1. Using 1/(1 + (r/R0)^6) with R0 = 25 angstrom and r between the beta carbons of B:Ala41 and B:Glu17, what's the FRET efficiency to the nearest 0.05?
2. Report the paramagnetic label zone for B:Ser25: residues of segment A:100-134 whose backbone N is under 14 Å from a point 7 Å from Cα along the Cα-to-Cβ axis.
3. Loop-only check: which GluC sites (Glu not before Pro) in segment C:70-104 are DSSP coil with at most 15 other Cβ within 10 angstrom?
4. For the interface of B with A, what's the total buried accessible surface in square angstrom, probe 1.4 angstrom, rounded to the nearest hundred?
5. Assuming R0 = 41 Å, can you tell me the calculated FRET efficiency for the pair C:Arg84 and A:Glu136, based on Cβ-Cβ distance, to the nearest 0.05?
6. What's the buried accessible area, both sides, between B and C using a 1.4 Å probe, rounded to 100 Å²?
7. Hull surface divided by four, with the convex hull built on the Cα atoms of the protein assembly as shown: how many nm²?
8. Provide a whole-number value for the mean count of partner chain Cβ atoms within 10 Å of the Cβ atoms in peptide C:19-27.
Amino acid sequence: MADDSRREFDTEGVKKRFMFVNRRAPYGSIYALEILEMVLISAAFEQHAAIVFIDDGVFQIKKGQDTEALGMKNFSPTYRVIEMEKHDADEDEDIDMVWRIIVERESMEARGLDADDLIVGVEVMAAQDLSALMAEQDVVLGG
Amino acid sequence: MMLHTVNKSPFERNALESCLRLAASGCAVLLIEDGVIAALAGTSQSDTIGGRMGDFKFYVLGPDIDARGLADKPLIDGVKVVDYGGFVDLVAEHDAVNAWL
Amino acid sequence: MKFGIVVNEGPFTHQASDSAYLFTKAALEKGHQVMRVFFYYDGVNNGNKLSSPQADDRNLVKLWGDLAAEHKVDLVICVAAALRRGIKDEILAEGFRISGLGQLIEASMAADRTLVFGD
């Protein structure tokens, strides 16, 4: 009875630049985890993606998270899956998909962190350069 | 050019500050919901926007100003008031939207 | 122009759902197409038919359902986020359907503009 035609979209040949913006620390809210899930799902669509950590979002990828006493799932190892997706995309000539994992330098330094503190390899970008990249995006998703 | 939306007060959260740090020059910034507070003249936060009038085009959503009883307060010079129709037009006129939450 | 809307928060606790609804309505009034409204994070609570606001206040769940019926807007509740929050078919409000997170990505690919409303 429902009109299913409105649910079918033609996305053949569409290649957009997605930016996933992470600005909140993990565990204080669910945004970090659910954005991560969104990024993982998006891999199947082979779009370009910049996964960006700004403000307290940099803490999402801090090494050494131990959630045992809180009884919460430590989902930080899952960021390594994103790193793997990125490497696979870089290596596979048949896939036109560029993924970047980016940390804003100013956010990281303001919080006393450096790249060695992080669980994945990242590009550290100054605000000015990240600003230019942000301006090129087609879709910006965050929480 | 991108349209940036900011929905939180600068007194509550750093969303506006981060937006203005990372938005490219010439972009539009639309203040909605509690974010409209940033558009008020004569507050300790007025310079956050006031100091960047040359870099961005600032807009504020009228219905959110009215709801908060702020229609009788002066706004920062140069901030334009739009209604929801104007919000839709702004989205259509810009290439993409970035919501700073 | 074709719009995709993402709603990150449930009804009433934050203004996000109201803002998204008013934007969607204004866009439709201007003759634009709103292809899909995707409800994620606590936004899934907008699909809870048990929501019973006070009689003299707006009923967001119903407003969304009415908009969907009148303009054929596709209202999608994310299944993973819904399960966490106890939103299931048996309490799903009229006009909503539950589906995967891929529907959000797909809508963003198909739309000319994608907007997020959240906290």
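The values are calculated or read from the model by the stated rules, or taken from the named source; none is laboratory data. Everything numeric here is computed off the predicted structure, so don't read it as measured data. As a convention, Cβ positions derive from the backbone with ideal geometry for all residues, glycine included, and neighbour counts pool all protein chains shown. Calculation scope for accessible area: heavy atoms of the full protein, side chains included, ligands and nucleic acids excluded. Shrake-Rupley method; radii C 1.70, N 1.55, O 1.52, S 1.80 Å.
1. Details: r = 19 Å, r/R0 = 0.74.
That gives a FRET efficiency of 0.85.
2. Label zone hits: A:128-129, A:131-132.
3. The qualifying sites are C:Glu94.
4. That pair of chains buries around 1200 Å² in total.
5. 0.75
6. When B and C are taken together, about 1500 Å² of accessible area is lost.
7. Reported value for the Cα convex hull: 19.2 nm².
8. 4
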